[in-house]
Amino acid sequence: MQRPMWIEAASFAARRHRHGVRKDGRTPYVAHVFRVAMTVRDVFGCDDPTALVAALLHDTIEDTETDFDEIEEHFGRAAAECVSALTKNAAMPEPEREADYDRRLAAGPWQARIVKLADAHDNFIDASSGNKVALDRVRGRCERTIALARADAHDHPEVAWAIEGLLQLIAGD
């Protein structure tokens, strides 16, 4: 019996993020990518294999030594394209970087946007215990992500569910 690809992606992500920690300085960074994947599957009801692999790997290009080719080699082109769409270009100044990121995310596969919704969900929960300025910044990112994903809601009910869940989360803080 062949193991699901997400199992390999979870191990890969754990190895690549092994030294990283979240902004609190204590939580292993890989906990974030695991929560994002669990949110995609268990909160948003999406069991698409590409979405689950991309959720686990969504920060590997941006935050580790991993590149597109390595993800494509191990997990296939569809997963690599999702991760690429979820990767900001750190070489650009912030305003241009954010605009470029939004364009690439909008043009990427729908699975990238559901992963971004789950990423926003997890980041909002993390920010909820912090200060109001940080929470407002994350709320703005959540709203941008929702706007980018709206076009997918008609064809992918799990995206509609994800949008509704994230809207409820940011409205109820």
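The values are calculated or read from the model by the stated rules, or taken from the named source; none is laboratory data. These figures come from a predicted structure and were not determined experimentally. For neighbour counting, all protein chains shown are included, and Cβ atoms are generated from backbone atoms with ideal geometry for every residue, glycine included. Keep in mind that these areas ignore ligands, DNA and RNA; they rest on the heavy atoms of the full protein, side chains included. Shrake-Rupley method; radii C 1.70, N 1.55, O 1.52, S 1.80 Å.
You can think of it this way: the chain between residue 24 and residue 88 has 20.9 nm of extra reach, that is 0.36 nm per residue less the Cα-Cα gap. Using Cβ point charges alone (K and R +1, D and E -1), the dipole size of the chain about the Cα centre works out to roughly 480 debye. Rounded to the nearest 500, the helix-only mean residue ellipticity at 222 nm of the chain stands at -20500 deg cm²/dmol, with each DSSP H run of n ≥ 4 adding -39,500 (n - 2.57).
What is the magnitude of the charge dipole of the stretch 16-68 about its Cα centre, with +1 placed on the Cβ of each Lys and Arg, -1 on the Cβ of each Asp and Glu, and no other charges, expressed in debye to the nearest 20?
That gives the stretch 16-68 a dipole magnitude of about 320 debye.
Its relative contact order, with pairs defined as Cα atoms under 8 Å and 6+ residues apart, puts the stretch 1-111 at 22 percent. Since only 134, 13, 39 are under comparison, the one whose Cα sits farthest along the positive direction of the charge dipole of the chain, derived from C-beta charges on Lys, Arg, Asp and Glu, is 134. The residues 83, 30, sorted by heavy-atom accessible surface at 1.4 Å with ligands and nucleic acids left out, run 30, 83 from largest to smallest. Grab the beta carbon distance between residue 7 and residue 68, set R0 = 22 Å, and tell me the FRET efficiency rounded to 0.05. The computed FRET efficiency comes out at 0.55. Ordered from largest to smallest accessible area (heavy atoms of protein chains, 1.4 Å probe), the residues 88, 132 come out as 132, 88. With the charge dipole of the chain set up from +1 on Lys and Arg Cβ and -1 on Asp and Glu Cβ about the Cα centre, the Cα lying farthest toward the positive end among the listed residues 78, 54, 170 is that of 170. Per residue, the stretch 1-46 exposes an accessible area of 65 Å² to a 1.4 Å probe, with every protein chain left in place.
The GluC sites (Glu not before Pro) found in the stretch 65-173 that occupy coil by DSSP, while having at most 13 further C-beta atoms within 10 Å, are 65. The stretch between residue 15 and residue 136, if pulled fully straight at 0.36 nm per residue, gains 40.3 nm over its current Cα-Cα span.
Scanning residues 5 or more positions from residue 21 or on other chains, those with amide H under 5 Å from its amide H are 29, with H placed 1.01 Å from N in the peptide plane. Projected onto their three principal axes, the Cα atoms of the chain cover extents of 44, 38, 31 Å, largest first. Hydrophobic, long helices, defined as DSSP H runs whose alpha-carbon span along the helix axis is 18 Å or greater and whose mean Kyte-Doolittle value is at least -0.5, occur in the chain at 110-127, 132-149, 157-171.
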